[in-house]
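The values are calculated or read from the model by the stated rules, or taken from the named source; none is laboratory data. Every value quoted in this text rests on a predicted model; they were computed, and no experiment measured them. As a convention, Cβ positions derive from the backbone with ideal geometry for all residues, glycine included, and neighbour counts pool all protein chains shown.
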Amino acid sequence: MSKRHALGQHFLTSNLVAESIVAYANIKRNDVVLEMGTGKGILTPYLCSRAKKVISIEKDHELYDKAKTKFSGIKNLVLEQGDAFEMDVDFTVFVSNLPYSESRNAVEWLVQREFSHGVVMVQKEFAQKLLSKEGKGRRAVSVLASYCLEMEKLMDVKKTNFQPMPKVDSVVIYLKQKRKVSKDLLSAVNKLFSYKRKTIRNIARQFGLDVDSDKRLEDISDGEIIDIAKKII
């Protein structure tokens, strides 16, 4: 298995899907777009044709070098090599075909940033977790995303549209920012979910809090979970 395959890097090969993603992003002429993961650059020229500026960040040295050569003539494109999660970038629109292994990290990074809206393509299973509103399917990232973002499923993308072909299909999701959270609050929500099998009363005791409830995290609202997390910090 190649390193990229192991990391969940499956490259989109369909220009039709790429055009649809960019159209859904509703990019205006004054927008600064952040593309997380340049990859082989299938989205990049479409983004550049609509935006004031596109900042495209690629972690892989080889892919970055190829993109520098391929897109050397595009004046409103800024290519960066490195880990986007460690960069402080100002942008209005976020667009990404997220590597499967980085989906959760990307959402957690995004809910701490100031932006307008975005479009992401993620693995179908992760999309189901992200969009889960209640029950056992919810995860910490589901609560954080629901609290910070308005989310809408836009389209399914068959696995045959990628190379190498993944084992599962993908989903394109529209994100609109409602609010952002601090790193401390994000960490507190993740800590709560490390005790998700316990009752709220028992979870609260782990942090020296007194909450009179025999419910579990799956039984309460996102807002209630956030309120408990706020008390922790």
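Annotations
- Evaluating Val181 against the criteria (1) on the phi > 0 side of the Ramachandran plot; (2) surrounded by 17 or more Cβ atoms within 10 Å (Cβ to Cβ) leaves one unmet condition, (1).
- Exactly one residue out of Thr92, Thr160 is polar (S, T, N, Q), out of contact with any strand residue (DSSP E or B) (no Cβ under 9 Å at 6 or more places or on another chain) and outside the structural domain of Lys215 (by TED's automatic domain parsing): that is Thr160.
- Residue match in segment 175-195 (condition: under 30 Å from Leu12 (Cα atoms), of a type in the set (A, V, I, L, M, F, W, C) and under 22 Å from the mean Cα position of the chain (by Cα)): yes
- Val95 vs. criteria under 25 Å from Leu154 (Cα atoms) and in contact (Cβ under 8 Å) with a residue 60 or more places away in the chain: yes
- In this entry, Thr38 passes the filter for residues that are modelled with pLDDT of 95 or more, under 12 Å from Asn97 (Cβ atoms), within 18 Å of the chain's Cα centre (by Cα) and assigned by TED's automatic domain parsing to the domain that holds Ser116.
- When segment 155-180 is filtered for residues that are of a type outside the set (Val, Ile, Thr), in contact (Cβ under 8 Å) with a residue 40 or more places away in the chain and within 14 Å of His117 (Cα to Cα), the ones remaining, listed by number, are Tyr174, Leu175, Lys176, Gln177, Lys180.
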